[in-house]
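Okay, so here's the structure we're looking at.
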Amino acid sequence: MKLIIGAGGTGGHIIPAIAVALELQSRGWEIFYIGNKNGMEKGLAQKYRFEFFAINVQKLYRKLTLQHLKFPFLFLFSFAKSVKVLAQIKPDAVLCTGGFVSGPVALAAVVQKRKLYFQDGNSYPGLTTRMFARYSEKVFLASEAAKPYLKKAKCVLTGNPLLKSEKINRSSVNWNEYNLSPETKKLFVLGGSQGSHIINTVLCQCIEEILHSGIELIWQTGQTDYPKIKKKFGSKHGIHCFAFTSQMNVYYQLADFAISRAGALTIAELQQYRLPAIFIPLPSAAENHQFKNAQTQVERGLGILLEQGKLSPVTLMNAISELIDKNDVIKMKLLALPENQAAQAITDLIERDSQR
């Protein structure tokens, strides 16, 4: 059996696809990957030894720009390449995870009448998912809130697929290696894979107050702000900062709570590692989906929402205090959630369909 993945752009699109692919691969499937030629998906596909086919498609920018003039041409060339790859591979299933990279691959699957599946972890599904959902065998969702936007699709609530990770015993951690103390609470700051300049800026103004309250920081700064933050705070005890790492699962397990953006993958990871969080959604995210993701989490009692437009040293410290006050209640609700079995559930359904 053969699977073609069509996914790219961000880790939120790429990681769930790879998680499902690895599960299928463990059951004997061959995996092929169609992604953007300069995207992060190429390196990850090669890491897992999936044969990679490069296309060149761009996103639709929210602002008016001359870049839009290139979109139809790049899309058509990418569609033609995808048609060629699908005709060559003859996949038993095509899995797309939304985002602009999925578009040409999904269209090629529809034209060739291949079994098409979509996975979307957001509370408000993206444009590509909404366009192709009705042509899909199934759409795998992480949130009930997404269903009303996909009324003509066969939706299945599975959760957001995650890569498997090794569990860490915190009692055996060498905290000195991280410039941290074993007895303190750890606040994990996540600004997305690129980091968040505005979160970093406000946090810099709160450092002393946070440390004085007995909380230490695990701080993912992003590449741009890392040199400045490392120079200013890198040697200060109680702060461990880094630009980005592929071993984020380690830091999730070292932390007690988090300040985070509200991408679907990050939310799934926070739930998997049972971390109460302050969500600061990225306002420029497509169709403001991060705000809707955060709202859903708050409604479920799994975190606190702080809008970026209201972010300041005062509001951030108030949110941290609120999170500490509600920590036990939120933690109990997180602990009551089932283990993430999304990759296995999606794999079971794809395999079942393939035997029809």
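Just so you know, all these numbers are worked out from the coordinates, no wet-lab data involved. On a predicted model such as this, the values are computed, not experimentally measured, just so you know. Note that we place each Cβ from the backbone using ideal geometry, even for glycine, and neighbour counts take in every protein chain shown.
Quick check on the chain: helices-only [θ] at 222 nm, where DSSP H runs of length 4 and up contribute -39,500 (n - 2.57) each and the sum goes over total residues. Nearest 500, please.
Numbers: 13 runs with 143 residues, N = 356.
Mean residue ellipticity, 222 nm, calculated: -12000 deg cm²/dmol.
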Query raised in the report: What share of the DSSP beta bridges in the chain is antiparallel, in percent to the nearest 5?
Result: 0 percent
Report task. Identify, among LEU141, MET317, HIS212, the residue whose Cα sits farthest towards the positive end of the charge dipole of the chain, taking +1 on the Cβ of Lys and Arg and -1 on the Cβ of Asp and Glu, with the dipole about the Cα centre. Result -> LEU141
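Among all stretches of the chain without exposed GluC sites (Glu not before Pro) (DSSP loop, at most 14 other Cβ atoms within 10 Å), which one is longest? Could the numbers behind the result be given before it?
Details: sites that count: GLU166, GLU183, GLU307, GLU339.
Counting only loop sites that pass the neighbour cut-off, the longest clear stretch is 1-165.
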Query raised in the report: Anyone know which of LEU337, LEU116, LEU275 comes out most mobile in the 10 Å Cα GNM of the chain?
Result: LEU337
Query raised in the report: Which of ALA142, ALA285, ALA345 moves the most in a Gaussian network model of the chain with Cα springs under 10 Å?
Result: ALA285
Query raised in the report: With +1 on each Lys and Arg Cβ and -1 on each Asp and Glu Cβ, how big is the dipole of the chain about its Cα centre, in debye rounded to the nearest 20?
Result: 1320 debye
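How charged is the neighbourhood of ASN179? Take every other residue with its Cβ under 11 Å from the Cβ of ASN179, and add Lys/Arg as +1 and Asp/Glu as -1.
Working: positive: LYS236; negative: GLU177, GLU216.
Result for the neighbourhood of ASN179: -1.
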**Report entry** Stretch gain in nm, segment LEU76-HIS212, where the contour uses 0.36 nm per residue and the Cα spacing is subtracted
**Finding:** 43.3 nm
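Dipole size in debye (nearest 20) for segment 89-203 around its Cα centre, Lys and Arg Cβ +1, Asp and Glu Cβ -1? The partial results should precede the final answer.
On the way: 16 positive and 7 negative charges, 133 e Å.
That gives a dipole near 640 debye.
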Report summary line: With 0.36 nm assigned to each residue of separation and the Cα-Cα distance removed, ARG27 to GLN344 gains 113.0 nm
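On a 21 Å Cα-Cα criterion, which of the cross-link pairs LYS115/LYS292; LYS115/LYS151; LYS115/LYS138; LYS42/LYS231 come out too long?
Among LYS115/LYS292; LYS115/LYS151; LYS115/LYS138; LYS42/LYS231, the Cα-Cα distance tops 21 Å for LYS115/LYS292; LYS42/LYS231.
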Query - Under 5 Å, built H, 5+ apart or other chain: amide partners of ILE259 - result: PHE188, VAL189, LEU190, ILE278
Report summary line: Given the candidates LEU157, PHE279, TYR226, the one whose Cα lies deepest towards the positive end of the charge dipole of the chain, counting +1 at each Lys or Arg C-beta and -1 at each Asp or Glu C-beta, is LEU157
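Only four residue types carry charge here, +1 at the Cβ of Lys and Arg and -1 at the Cβ of Asp and Glu. Report the dipole size of segment 170-335 about the Cα centre in Debye, rounded to the nearest 20.
Values: 16 positive and 14 negative charges, 43 e Å.
It works out to roughly 200 debye.
Report relative contact order for the chain in percent, whole number only (criteria: Cα-Cα under 8 Å, sequence separation at least 6).
Values: 666 pairs, mean separation 53.0, N = 356.
With pairs under 8 Å counted, the relative contact order is 15 percent.
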Report task. Given the options SER312, SER171, SER235, state which has the largest fluctuation in a GNM of the chain using a 10 Å cut-off (strictly under) for Cα springs. Result -> SER171
Report task. Just report the Cα centroid separation between segment 299-325 and segment 336-356, whole Å. Result -> 35 Å
Query raised in the report: What list of ³J(HN,Hα) couplings, whole Hz, do you get for segment 249-256 from phi and the Karplus terms 6.51, -1.76, 1.60, once you set θ to phi - 60° and write x for glycine and proline?
Result: 4, 5, 6, 4, 7, 7, 8, 10
